[in-house]
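The structure under discussion appears below in the form of structure tokens.
The values are calculated or read from the model by the stated rules, or taken from the named source; none is laboratory data. Worth saying up front: this structure is predicted, and the values here are computed from it rather than measured. Cβ coordinates were reconstructed from backbone atoms using ideal geometry, including for glycine residues, and neighbour counts include every protein chain displayed.
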Amino acid sequence: MIGDGSGRPSSRRCKPIVGALLIIGLSFSLSAQERVRSIFEALAQSKTVMYIGAHPDDENSIAAFLARSVGAGKKTYIVCFTRGENEPMDVGVPKGRPMAEARMRWLRDAAAILGAEPIQLPYTDGPSSVEELERGVIRYWRRTTSLREVIAHWRTADRDPYEDMIRLIREKKPDLLLTWEKTRGWTGNAEHRTVGWLAERAFLEAANPDVFPHHLRKGLSPWQPRWLYWVLRGDEDVSGHPIEVIGCEAPGPGGRTACEVKAAVLVSYRRHTLRTATPEELVEMERQAVTWVRAHPEHVQLALEHPAHRE
Ligand SMILES: [Zn+2]
């Protein structure tokens, strides 16, 4: 799958402190989250849906559900925390600012296909600075990288990723939040896990007026999203947890099915990552992508786990 961090050396497990926070988070989530029979019931009751990812193109993992959300008339946001400067694939673009520009374009194009609104945050992809990447000093997060390391790397005197997460929720007022599960993060990528953890914590605290109270003085209001769902791969071992799958043939935007929209998003990335492709080749690529998506339900019929069910 394009650009989900595949191949990056990164951790699938968290350090003990994160495990402790997991327990705290889940105990709060039980009170913060309303019971529904399925994510589709939650979607039906939502006006606004927000997906939160780490890199431009992460949204492809959830594109079929986002297509279904837009198709159902929901205001749908795609939030991306990093600009993707450290893309591991050779796509013919130098790492650093040129790569960031290219990948942010991937996100904008995917959002346009989906009919969703992209929100790009300015954090750096990977532990190297932009300047280091442009000098060829390329590092990736270790398998043992903790969420705290990533957050400390992102935090600056002017910017705090957790405050950004809280502000986004207060500004956009999503009813339904979707993000990576914080211990698995799809590929185990440290930044996937980090945004999952930040989003879950923000889900629990955005309604608390004592958290970043200066937001209220600037006109924002506390906001409690009604549901938080984790995005898991359909082939992950999630035994014991309720799983829901996204119907491939569900209606998406523009009269297309969820699968067809997902395929269009995948082809859009390939348009950027292939050095050359004619319009005819792209049409054929999209036809093949629809066939591929239908044949690989683990990549389109995502498992979505309801955190409040996890006890
Ligand atoms: Zn990613």
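Inside the stretch 194-213, residues that are assigned to a helix (DSSP H, G or I) and within 16 Å of ILE151 (Cβ to Cβ) make up a count of 10.
Among the residues of the stretch 111-124, some residue qualifies, meaning at least one is buried (at least 20 other Cβ atoms within 10 Å of the Cβ), assigned to a loop (DSSP other than H, G, I, E, B) and away from the ligand (no atom under 16 Å from the Cβ). Within the bounds of the stretch 8-18, is there any residue that is modelled with pLDDT under 95, under 30 Å from GLY136 (Cβ atoms) and not in a loop (DSSP other than H, G, I, E, B)? No, there is no match, as no residue in the stretch 8-18 is modelled with pLDDT under 95, under 30 Å from GLY136 (Cβ atoms) and not in a loop (DSSP other than H, G, I, E, B). The single condition among (1) polar (S, T, N, Q); (2) within 16 Å of the ligand (Cβ to nearest atom); (3) at pLDDT 90 or above that ASN60 does not satisfy is (3). Going by what's in this entry, would TRP197 be described as surrounded by 19 or more Cβ atoms within 10 Å (Cβ to Cβ) and either on the phi > 0 side of the Ramachandran plot or modelled with pLDDT under 85 (or both)? Spelling it out, it is not the case that TRP197 is surrounded by 19 or more Cβ atoms within 10 Å (Cβ to Cβ) and either on the phi > 0 side of the Ramachandran plot or modelled with pLDDT under 85 (or both).
Being within 15 Å of the ligand (Cβ to nearest atom) and part of a loop (DSSP other than H, G, I, E, B) is the filter here; which residues of the stretch 157-188 pass it?
Kept after step one, since they are within 15 Å of the ligand (Cβ to nearest atom), are these residues of the stretch 157-188: 178-182, 184-188.
Residues satisfying the conditions are GLU181, LYS182, ARG184.
Considering only the stretch 138-161, I want to know if a residue exists there that is modelled with pLDDT of 95 or more, hydrophobic (A, V, I, L, M, F, W, C) and under 14 Å from the mean Cα position of the chain (by Cα). No, because not a single residue in the stretch 138-161 is modelled with pLDDT of 95 or more, hydrophobic (A, V, I, L, M, F, W, C) and under 14 Å from the mean Cα position of the chain (by Cα).
Is one or more of the residues making up the stretch 104-127 more than 26 Å from LEU204 (Cα to Cα) and without any contact (Cβ under 8 Å) to a residue 24 or more places away in the chain? So far as the stretch 104-127 goes, yes, one or more of its residues are more than 26 Å from LEU204 (Cα to Cα) and without any contact (Cβ under 8 Å) to a residue 24 or more places away in the chain. Summed over the stretch 130-180, the residues that are in contact with a Cys (Cβ under 9 Å, 6 or more places away or on another chain) and either aliphatic (A, V, I, L, M) or free of Cβ contacts under 8 Å to residues at least 24 places away in the same chain (or both) give a count of 1. If you check GLU191, GLU131, which single one turns out to be crowded, with 16+ Cβ neighbours inside 10 Å and in a helix (DSSP H, G or I)? On inspection, the qualifying residue turns out to be GLU191.
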